[in-house]
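One structure is given here, and the rest of the page talks about it.
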Amino acid sequence: MTTLLTGEPASLLTLALLVWVLSGVGGWVVAVITKVSSLIFGAGSMVAALCVIVAAIQILQGRATVQAVLPVLPFNAELTALNALILLAMSVTALMCSLYACAWLTNVCASKRARTGLMCNLLMAALTAAAMSASAVELILMMEMAALCAYFMIVQADDVKSRRAGLNQFLSGRIGTLCLILAFALLHHASGSVNFEVLRHAAFTPGIKSATFLLALAGFGLYAGIIPLHAWVPQSHSSAPAHAAALFSSALMKVGIIGIVKVGLDLLGAPPLWWGLMVLLLAVLTAFIGGLYALMEHDIRRLLAYHTLENIGIILLGVGGAMTGVALNLPVLASLALLAGLFHLFNHGLFKTALFLGAGQIEMQTGIKDMEKLGGIARLMPWTAGAMLIALMSMAALPPLNGFASEWLLYQSLFQLSSSHVFIARLMGPLLAVGLALTGALALMCIAKVFGVTFLGTPRSQAAADATPAPRAMTLSTVLLALLCVTSGVASPWIIPQFSAVAVSLLNTPVLLTAQHGVAFSPTSAVSAPMVAILLLGMPLVPWLIAAVLRGARLPNRSRGDAWACGYAHSADMVVTATGFAQPLRVMFAPLYRLRSHATPVSLVSALHRGWLGVFCRRLALIELAVLLVVAFA
Amino acid sequence: MNFPSLLAGSLWPLALIQAVTLLAVAPLFAGFSRVMRARMHNRRGPGVLQEYRDIAKLLQRQSVAPAAAGMAFRSMPYLLTGGLLVIATALPMVTLMSPMGAAGDLITVIYLFAVVRFVFAIAGLDTGSTFTGIGASREAVLGVLVEPILLLGLWMAALVAGSTSLGAIAARVLHWPLSSSLTLTLAGLACAFATYIEMGKLPFDMAEAEQELQEGPLTEYSGAALGVLKIGISLKQLVVLQLFLGLFFPFGLVENLAPLALLTAVVVCLLKLLIAVFMVALIENSVARLRFLKTSRTTWAGFGLAFLALVSWLVAG
């Protein structure tokens, strides 16, 4: 037992896994005692997440051996910088989700508490194990387990929508796993091993490499939700509890992305050009379609899920840029793009978790998911509103927040791509930048809609008017995440070098100088987020001073009465709704919206959801999870 | 170019001075365009200084807001003007280099415009009024239509210059590279188109369309808040105009800060703005407003120009 308490990364990670599983089981056993069980679930999970954070920081600082067998557990771990980064990104959000869960679990019935608590802890443990696995068998096993835990959290709401979402997730998860098994079976066939370290040094024929990459892209893409493989994403984020949905976005889908990075850049050696270009095209499609569909959603969590897709696209732009950079032998492009992708991956976890947790609070306090029925929440839940405003602004990449910091780097890497000497790169660079800018404008419209319709104006229903602030632990979790968003944005010049080191360690490129003295820079431009922050805070004082100086005998501001309505009496029905706000774009992009119904064959969907399959899959999932748990512990 | 030295340069007082100067002359140019409009309508309107008189009067009056309005509505005029002032610090106005290199990068500037648009839009949603809500929606849609044009146009100019920093683009355009003439011309035209839309003039005054939307997001503003907002909106027109002029007409910008050269640069800068405002007024008063849902067909023309710039750049290789 003493090996667990040495403070080494490997032992800390083991400790975390054990604490997650034990606190999950412990809380499950005493689920009827509300307070105790919630505390066991939440606090246990927080301790475990803290252990992972400490371990990840130690690994990032180079204080660990790369290959390690975890003490006590029969698990081979690979403690590389890339793995440490994803562990850090996942455990920071897991920490906040657990804080939120502490309060949420006390407010639900015993059976729901037992199941959510146990599954959530198992999910985090499985994802952590997947992120540090050293062989394909472990990786696939753990991802499968995580997907099954996710399935059980999606279906527990037990309405038609949740059951359909669960079925979608179950089927795409299994197909994904199947693709991954095929991909690694190919590699095993060619090299005789599934161990990553062996695969890394094995030589494969181009045919095998490409087949493996395509299979792995499909498999990991199903987990990551690359459009058109995203069918499971939107509704499952809305059906699962809010903190579980946050974990789907910030951890489960990210493991898919890291898988693509691993296969595309790490295991198979230098990628050919068309891999990178294909990933770039898929990425820009995912980002654009995700942003476009998000705009038409009224259910906050479905909307956020579509935005997760958008951000997955943005991260993949970085990954694809890195692959293209390696293929074209442009080290600056490769390292800058990978740096941007990884930094955005981290940032997305922060702001998206804040948003899901905030949405969960609103849902808990009002019982409403549909934002058309909300309104005026900012006055009733000011802390939640403020935190969500910051997170929303990060999501739309507004300076000086963290979304901007990483997207700025991404634009700079696209600029490197545009100014290379290969025709296809010169053609695609500017167009990808336009795609990203268009996505950014769509995101801006979307956050204006979310914030304006949900938090501002007058309440549109009695439930919204009666909202009260959420429990303190919940509010604290969102506020802390919002603060992290601000920090990671404003302090980006000091954070970027850490991410740069990870990118460099993966690509074996010379160290890229990207930040110094509070300024982040690329070979072609520079930006200082702290300076922009100071200016943005200071400049509004100028007009304020002018107004104050010329005040004269002005009376104080007055707020009274209704808005002007051409002399008619004002009625609540006149106010622009979320649908009305996005209506012009529905008209302008009508062909793209019709695409959704064209691309989904009705006969297939109705055949899938005819009833018996759902029940069958549920039983299958239970059996599979039980088998996997036994296998994992054996 | 060495970026850290560029940022630590001694130009930051100039950045603040040019931002405040732009703020101070914004109502003057608005007044000028008002005079132009009266002349073109064959009537004798109020003088050039009328905007200053209006604003001074408004600043001494009480702000009245509907009961539903909150912080977003109250703070918007200041945040909008402040955001535009931040952009104004980064523009190459009299110096070839962006005086605030820390923000003088085309991506940063485009996203700073997004901040301005965001505060404008959410203030429109904060009042519970129909007109402000629709105005907010239109403002955001216009962003979706304009942003690709602006980005691609600027991106092409940046590719010719080999850097995305505003100063580098201005310097490159000043020493007009003959081989890239077509690319720069097309990119400039595309940016001119986007700039004109951003200025919110006819036929593109979508968000504040006077006839049908009663000034859109501005509808519920009154008194001091409206006064500040009026300065802010005329500042926005000057800022987008100067962004275009500074990058595509950098003639007269100085590299070193000798007093005489600086004075000439200031005069040239104001003159260029005056000519631009004159031309904008000519166009504005000779067209009718577009139907909102048909705007997207017109903006394709701008994107087409930017795309042709890309094609010419690829061909010239």
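The values are calculated or read from the model by the stated rules, or taken from the named source; none is laboratory data. Here the structure is a predicted model, which means the values were calculated and not measured. Glycine gets a Cβ as well: all are built from the backbone with ideal geometry, and neighbour counts include every protein chain shown. The area values use the complete protein model at the heavy-atom level, side chains included, leaving out ligands, DNA and RNA. Shrake-Rupley method; radii C 1.70, N 1.55, O 1.52, S 1.80 Å.
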I'm told B:ALA121 meets every condition in (1) of a type outside the set (Val, Ile, Thr); (2) in contact with a Phe, Trp or Tyr (Cβ under 8 Å, 6 or more places away or on another chain); (3) facing chain A (nearest Cβ under 10 Å); (4) crowded, with 23+ Cβ neighbours inside 10 Å except one. Can you identify the failing condition by its number? (2)
Qualifying residue in the range B:250-258 (condition: on the phi > 0 side of the Ramachandran plot, away from chain A (no Cβ under 14 Å) and either part of a loop (DSSP other than H, G, I, E, B) or more than 20 Å from the chain's Cα centre (by Cα) (or both)): yes
State all residues of the range A:546-565 that are surrounded by fewer than 13 Cβ atoms within 10 Å (Cβ to Cβ) and either closer than 14 Å to B:GLY133 by Cβ or small (Gly, Ala, Ser) (or both); if no residue qualifies, say none. A:ALA548, A:GLY552, A:ALA553, A:GLY561
Counting just the residues of the range A:370-391 that are surrounded by fewer than 19 Cβ atoms within 10 Å (Cβ to Cβ) and within 12 Å of chain B (Cβ to nearest Cβ), which one comes out nearest to A:VAL479 (Cα to Cα)? A:GLY386
How do the pairs read when you match residues in the range A:280-306 that are touching a residue at least 40 places away in the same chain (Cβ under 8 Å) with residues anywhere that are among the basic types (Lys, Arg), using Cβ under 8 Å and keeping only pairs 6 or more apart or on different chains? A:TYR293/A:ARG596; A:LEU295/A:LYS449; A:MET296/A:ARG586; A:ASP299/A:LYS369; A:ILE300/A:LYS369; A:ARG301/A:LYS369; A:LEU304/A:LYS352
So for the range A:556-575 (the condition being of a type in the set (D, E, K, R), at the interface with chain B (Cβ under 7 Å from one of its Cβ atoms) and out of contact with any Gly (no Cβ under 8 Å at 6 or more places or on another chain)), does at least one residue qualify? yes
Only one of A:ILE154, A:ILE227, A:ILE181 is in contact (Cβ under 8 Å) with a residue 40 or more places away in the chain, part of a helix (DSSP H, G or I) and buried (at least 22 other Cβ atoms within 10 Å of the Cβ); which? A:ILE154
Unmet requirement for A:PRO271, which otherwise passes all of (1) more than 20 Å from the chain's Cα centre (by Cα); (2) farther than 16 Å from A:LEU229 by Cα; (3) in a helix (DSSP H, G or I): (3)
Output yes when any residue across the range A:349-358 is open to solvent by 10 Å² or more (accessible area, probe 1.4 Å) and over 14 Å from A:ALA470 (Cα atoms), and no when none is. no
Within the range A:415-433, work out how many residues are facing another protein chain (nearest Cβ under 9 Å), crowded, with 24+ Cβ neighbours inside 10 Å and among the hydrophobic types (A, V, I, L, M, F, W, C). 2
Looking for whichever is over 23 Å from B:ALA123 (Cβ atoms) and either modelled with pLDDT under 80 or not small (Gly, Ala, Ser) (or both) here; the options are A:PRO584, A:PRO591, A:PRO556. Which one fits? A:PRO591
Just checking, which of B:GLY162, B:GLY128 is free of Cβ contacts under 8 Å to residues at least 24 places away in the same chain and within 10 Å of chain A (Cβ to nearest Cβ)? B:GLY162
Matching residues, the range B:69-89, being open to solvent by less than 30 Å² (accessible area, probe 1.4 Å), assigned to a helix (DSSP H, G or I) and more than 20 Å from B:VAL239 (Cβ to Cβ): B:ALA72, B:PHE73
Considering the range B:259-302 alone, what residues qualify as being of a type in the set (S, T, N, Q) and either closer than 20 Å to B:LEU238 by Cα or in a loop (DSSP other than H, G, I, E, B) (or both)? B:THR264, B:ASN285, B:SER286
Out of all the residues in the range B:174-181, is one or more in a helix (DSSP H, G or I) and buried (at least 24 other Cβ atoms within 10 Å of the Cβ)? no
Does at least one position in the range B:262-277 carry a residue that is more than 17 Å from the chain's Cα centre (by Cα), buried (at least 22 other Cβ atoms within 10 Å of the Cβ) and under 24 Å from B:PRO92 (Cβ atoms)? no
Looking only at residues that are over 19 Å from B:ALA114 (Cβ atoms) and more than 9 Å from chain B (Cβ to nearest Cβ) in the range A:442-459, which one is most open to solvent (accessible area, probe 1.4 Å)? A:PRO459
Quick check: is even one residue across the range B:100-108 among the charged types (D, E, K, R), facing chain A (nearest Cβ under 10 Å) and open to solvent by 10 Å² or more (accessible area, probe 1.4 Å)? no
Scanning the range A:523-534 for residues that are at the interface with chain B (Cβ under 8 Å from one of its Cβ atoms) and open to solvent by less than 20 Å² (accessible area, probe 1.4 Å), the one modelled with the highest pLDDT turns out to be A:VAL532
Name the pairs whose Cβ atoms lie under 9 Å apart, with the first residue in the range A:431-446 and more than 11 Å from A:LEU295 (Cβ to Cβ), the second polar (S, T, N, Q), and 6 or more positions between them or separate chains? A:LEU432/A:SER418; A:ALA433/A:SER418
Index of the failed condition, B:PRO66 passing every other in (1) in contact with a Leu (Cβ under 9 Å, 6 or more places away or on another chain); (2) facing chain A (nearest Cβ under 9 Å); (3) modelled with pLDDT under 90; (4) open to solvent by less than 30 Å² (accessible area, probe 1.4 Å): (1)
Please state which of the following conditions B:GLY216 fails to meet, knowing it meets all the rest: (1) in contact with a Lys or Arg (Cβ under 9 Å, 6 or more places away or on another chain); (2) surrounded by fewer than 24 Cβ atoms within 10 Å (Cβ to Cβ). (2)
Here are some residues: A:SER162, A:SER193. Which one is in contact with a helix residue (DSSP H, G or I) (Cβ under 8 Å, 6 or more places away or on another chain) and open to solvent by 10 Å² or more (accessible area, probe 1.4 Å)? A:SER193
Single residue of the range A:392-403 satisfying the filter (within 11 Å of another protein chain (Cβ to nearest Cβ), open to solvent by less than 10 Å² (accessible area, probe 1.4 Å) and of a type in the set (A, V, I, L, M, F, W, C)) that is farthest from B:ILE110 (Cα to Cα): A:LEU392
Tell me whether the range A:204-216 contains one or more residues that are out of contact with any Gly (no Cβ under 7 Å at 6 or more places or on another chain), within 19 Å of A:CYS97 (Cβ to Cβ) and open to solvent by 10 Å² or more (accessible area, probe 1.4 Å). no
In the set B:ALA170, B:ALA187, B:ALA192, B:ALA157, which member is open to solvent by 10 Å² or more (accessible area, probe 1.4 Å) and not in a loop (DSSP other than H, G, I, E, B)? B:ALA192
Residues (open to solvent by 10 Å² or more (accessible area, probe 1.4 Å) and either more than 7 Å from chain A (Cβ to nearest Cβ) or among the small types (Gly, Ala, Ser) (or both)) located in the range B:139-152: B:GLU139, B:LEU142, B:LEU145, B:LEU150
